[in-house]
Amino acid sequence: MIINDNVEVALALPERVGLHVGQDDEDFSVVRERLGPNRVIGISVHNVDEARAALNTSADYAGVGPCWSTSSKAGIRKEDVLMLDGTREVVAALAAPQSETVGAHSRLPCVLIGGLNLHTAMRTLISSVSAQNAPDGIAVISAIVARKDPSNAAAELHAIIEAYHAECTRRRSSTATSILSATQALPTPFASSADLVNAAAELLKAYHTVYDRKTRSDDVTNVSITRPLVQTITSHVSSNFSANIALAFSASPIMSHEAEEALSLSKAIGALVLNIGTINQEARQGMAVAGPAANERGTPIVLDPVGVGATQFRREVTNDILNHTQVTLIKGNASEISALIGSTEVRAQGVDSVGTLSNPGELAAQLAVQEGAFVLLTGEVDYLTNGEIVIESRCGTMLLGRVTATGCSLGVVVAASLAAAKSSYNVNLGSVQVQRITPPRTHHCLLVGALMGVLAFTIAAERASLSPQVAGPGTFIPAFLDEIAALKPQTLQDYNDRVRVYKR
């Protein structure tokens, strides 16, 4: 048992009962003197300076927070919340560099606190791991006491902690096996880029209704997968084009932002796209219902954090989404992926990127591990990863960057492709509780679906740009729609030399 703040209560109890003190409570040295050397005493740290100071105390552990806003403690300001980057920095500061003179501790054990629950615990723990240090666990209040089934709540959180420590052990072991199960491990059964492209082509054959330009009709000869309904909460700027792309790519779009119907829609949709392009209160409310509802049904979810690095507001919106929803795939450009992983190599200029990444595939893979999702980093070269392998694709055209909504519509195509893979391979993502422990990125069959979407989109765009009828951005769009509608599965295989796959 640990008593919070009250030294007098702790003194009245047996020595096995510990105490936790905050920065505004009695001086730590006085508390230690009063309670003696054998009591477990913890200390709260909210920033790097407090963490470094804690190393020079006789504290037994530190509580790092608040990681997120919490209803358990009043008076927390928005600027007090550490979020992922801040939490990582404070945890790192609780381990003294080898070059520095060590005080009372070379490393102080720590737990994360503040707004941690079934949804936020794993991503916060994983993202707090650095080369310097890693958190040991979490401290919670409302995540257990606010539940009607506190014992189940505690068991669920314990399972997350066990999964987190298993991942940390795997990282430390030089002979560690992949986080993927034996039946899912790559490169088997996909030993090469050709294997992956062939698998994507086979999936496209079963999914896509090819428009035959000669007969002016649909060819459904090989189609065996039901056309998925894709709900897209997106920018009003991109809604029309995204819907048209979905139709051309054999999906049925519904562009609904309404929270009131999100729960009902979750019973019918095959995939969900959350796009923060022109985010407003209506869209945020819709996402807050649609995301968790899709999670409960194991429906694939694509997050497009448009311009997340541009403003603090967009960072907060994106973190809010990632805290209430386990997404299946995150799609973003260099600045967006950099912002989510805490890198400063590339900065945002509106929704565009300025600068270059030294190792984009590795950065995307780090984000995949942090969020438990596949990551698609788009650009002149596209990088698709599950955190274990990275697929590079060099297809596409510069014209994709000369018209609006192409990035948003790619998210819709990938979402439809994930729905197709889930159906074809009978993938069971499980409920949100399952997904937080066994994340979507561990289902390699969905990687095939994501690759199918990326290749179909970029190859169709490239072929459209080479059409004699295309003179620039204005004539590119209709040609692009025509190409994606008429795209044949074997066309993907023609571009096999543009695809490379490698392990991290």
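Overview of values
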read-out	value
In segment 288-314, residue surrounded by the fewest Cβ atoms within 10 Å (Cβ to Cβ) [restricted to those that are touching a residue at least 40 places away in the same chain (Cβ under 8 Å) and more than 22 Å from Asn428 (Cα to Cα)]	Ala310
Count of segment 372-421 residues which are in contact with a strand residue (DSSP E or B) (Cβ under 6 Å, 6 or more places away or on another chain) and either within 11 Å of Thr458 (Cα to Cα) or assigned to a helix (DSSP H, G or I) (or both)	11
Filter result for the condition that a residue is under 18 Å from the mean Cα position of the chain (by Cα) and not in a loop (DSSP other than H, G, I, E, B), over Ala456, Ala450	Ala450
Strands (runs of 3 or more DSSP E) wholly inside segment 185-259 containing at least 1 residues that are modelled with pLDDT under 95, β-branched (Val, Ile, Thr) and closer than 30 Å to Ala288 by Cα	none
Flag if Glu162 is charged (D, E, K, R), closer than 17 Å to Gln370 by Cβ and part of a helix (DSSP H, G or I)	no
Residue satisfying all of: in segment 28-56; within 37 Å of the chain's Cα centre (by Cα) and polar (S, T, N, Q); surrounded by the most Cβ atoms within 10 Å (Cβ to Cβ) among these	Ser44
Residue among Ile245, Ile225 that is surrounded by fewer than 22 Cβ atoms within 10 Å (Cβ to Cβ), touching a residue at least 40 places away in the same chain (Cβ under 8 Å) and in contact with a Ser or Thr (Cβ under 6 Å, 6 or more places away or on another chain)	Ile225
Tally, over segment 474-490, of residues that are surrounded by fewer than 20 Cβ atoms within 10 Å (Cβ to Cβ) and touching a Phe, Trp or Tyr at 6+ places or on another chain (Cβ under 7 Å)	1
Positions within segment 14-34 being more than 22 Å from Ile113 (Cβ to Cβ) and aliphatic (A, V, I, L, M), in sequence order	Val30
Residues of segment 18-69 that turn out to be of a type outside the set (D, E, K, R), in contact with a helix residue (DSSP H, G or I) (Cβ under 8 Å, 6 or more places away or on another chain) and over 18 Å from Pro109 (Cα atoms), as a count	4
Any chance Thr438 is under 21 Å from Leu196 (Cα atoms), surrounded by fewer than 23 Cβ atoms within 10 Å (Cβ to Cβ) and among the β-branched types (Val, Ile, Thr)	no
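The values are calculated or read from the model by the stated rules, or taken from the named source; none is laboratory data. These numbers come from a predicted model, not from an experiment. Reconstructed Cβ throughout: ideal geometry from the backbone, glycine too, with neighbour counts over all protein chains shown.
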